[in-house]
1. Residues being out of contact with any Phe, Trp or Tyr (no Cβ under 8 Å at 6 or more places or on another chain) and either assigned to a helix (DSSP H, G or I) or under 20 Å from Phe223 (Cβ atoms) (or both): count how many of those fall in the stretch 292-332.
2. Could you check, for the stretch 162-171, whether at least one of its residues is in contact (Cβ under 8 Å) with a residue 24 or more places away in the chain, within 19 Å of Val363 (Cβ to Cβ) and among the β-branched types (Val, Ile, Thr)?
3. I'd like the residue in the stretch 304-318 that is free of Cβ contacts under 8 Å to residues at least 60 places away in the same chain and not polar (S, T, N, Q) and, out of all such residues, is nearest to Phe241 (Cα to Cα).
4. Can you say whether Lys206 is surrounded by fewer than 24 Cβ atoms within 10 Å (Cβ to Cβ) and part of a loop (DSSP other than H, G, I, E, B), as far as the supplied structure shows?
5. Applying the selection to the stretch 109-156, what residues are among the small types (Gly, Ala, Ser) and surrounded by fewer than 20 Cβ atoms within 10 Å (Cβ to Cβ)?
6. All but one of (1) surrounded by fewer than 18 Cβ atoms within 10 Å (Cβ to Cβ); (2) in contact with a Leu (Cβ under 6 Å, 6 or more places away or on another chain); (3) small (Gly, Ala, Ser) hold for Ala341, so report the exception by its number.
7. Sort through Ala187, Ala150 and tell me the only one that's closer than 30 Å to Phe357 by Cβ and part of a loop (DSSP other than H, G, I, E, B).
Amino acid sequence: MRLRRKADAARAVLLAAALGALLYWQWEPPAAPASPRAPAAPASARAPASASAPVASARAPAASARAFPGAGPAPAAYDADTPPPPTPPGPFDFRRYLRDKDRRRFPLLIDQPHKCRGLAGGPGPDLLLAVKSAAAAWERREVVRKTWGAEGAVRGARVRRVFLLGLPGPGARAQAQEALLRAEARAYGDILLWGFRDTFFNLTLKELHFLAWAAASCPDARFVFQGDDDVFVHVENLLEFVAARDPARDLLAGDVILRARPIRARGSKYYIPEGVYGLGAYPAYAGGGGFVLSGATLRRLAAACAQVELFPIDDVFLGMCLQRLRLAPEAHQAFRTFGLAPPSAAPHMRTFDPCLFRELVLVHGLSAADVWLMWQLLHAAPGPACSRGRAAPGPFRWGA
């Protein structure tokens with residue numbers, strides 16, 4: 001009996017100790033009162049639907065001082081065919097940016113000097129497709145090649161394609177990716193690779209170097225489309241849009257963003273301090289997800305951007321170059337760089353619907369599988385059966 005009582009007492013002590021440890025780990029000390037000299041906690045900005053500069057921000061919840069054992073952040077969603085964008089994990093390093101901001105010339109490691117030469121029927125392509133991509137996004141590039149980015153004759157127009165890339169990050173894996181890029185370039189003849197690291201804030205360098213390359217290596221292109229590799233482009237509609245335009249006159253059309261405010265929250269990847277940009281709003285710019293410009297505008301932009309100080313957000317930088325030229329970008333509702341919303345006239349309609357896509361030029365933010373599927377839905381005979389003549393909201397005119 002005494003042995004049983006001793007065993008029960010020992011178990012009770014062990015249970016009490018375990019309960020005490022559990023309560024200790026769950027306990028958080030009360031927050032100390034803020035010092036009047038202590039800086040405010042950094043705020044984090046809400047990420048926009050595209051790579052364009054955001055226009056709104058929100059404060060993120062504070063992290064707890066002590067984490068429960070085994071707890072942690074929720075696992076990130078995984079999409080097998082969608083590699084993460086080349087975005088740095090933390091806020092932008094402006095000290096390094098200000099130190100290196102005048103370094104704007106990097107070698108072209110993989111070139112396509114004959115991309116725009118020797119085309120039957122004319123000196124240059126009617127439409128050059130320039131697609132920003134990253135080394136790991138091979139699946140996206142392959143889907144673009146097999147769908148809207150196919151080279152050749154499209155409704156009588158000569159179409160050519162290039163992908164714009166920078167170097168992958170350091171390490172053995174990066175060396176393997178660079179070797180694969182060189183093999184891909186030999187197989188397809190559509191890779192342009194420059195000697196800067198492919199990061200989110202180096203997209204400005206990608207823009208600058210492409211404009212210089214196109215002005216030198218493809219000067220006779222009538223029109224140029226620039227976009228990301230996660231967009232769907234209805235090339236037939238794009239060609240219809242530019243058919244009535246003169247390539248010798250200025251044109252830059254897309255999803256135009258007006259009066260966007262710089263994000264001042266230090267925790268945001270779009271953070272821009274006043275010392276770098278002191279005005280309250282950016283100049284008008286076209287969303288970087290996709291836009292079209294004439295050959296004349298491309299050549300003028302190449303010269304203007306060479307004289308504009310580099311800015312870490314690429315589409316805003318292009319807006320600054322347009323401002324230097326005193327050229328306003330042209331807004332068109334067929335470019336949807338922030339994705340699709342159901343039309344007000346048909347709120348029940350699904351946004352991934354070929355009856356919507358057939359009236360548009362560009363939709364941003366799709367997976368490689370969605371791009372391939374939408375292409376098949378739109379181009380399969382006899383085509384989508386749409387109950388209405390036009391599915392896009394509002395009066396739609398290509399000349400608008």
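All of the numbers you see were taken from the coordinates with simple rules; none came from a lab. A quick note: this is a predicted structure, and the numbers were derived from the prediction, not measured. Glycine gets a Cβ as well: all are built from the backbone with ideal geometry, and neighbour counts include every protein chain shown.
1. Counting residues in the stretch 292-332 that are out of contact with any Phe, Trp or Tyr (no Cβ under 8 Å at 6 or more places or on another chain) and either assigned to a helix (DSSP H, G or I) or under 20 Å from Phe223 (Cβ atoms) (or both) gives 18.
2. Within the stretch 162-171 (the criterion being in contact (Cβ under 8 Å) with a residue 24 or more places away in the chain, within 19 Å of Val363 (Cβ to Cβ) and among the β-branched types (Val, Ile, Thr)), the answer is no, since none of the residues qualifies.
3. Within the stretch 304-318, the match that is nearest to Phe241 (Cα to Cα) is Ala304.
4. No, not satisfied.
5. Result: Gly118, Ala120, Gly121, Gly122, Gly124, Ala136, Ala150, Gly152, Ala153, Gly156.
6. (2)
7. After ruling out the rest, the residue left standing is Ala150.
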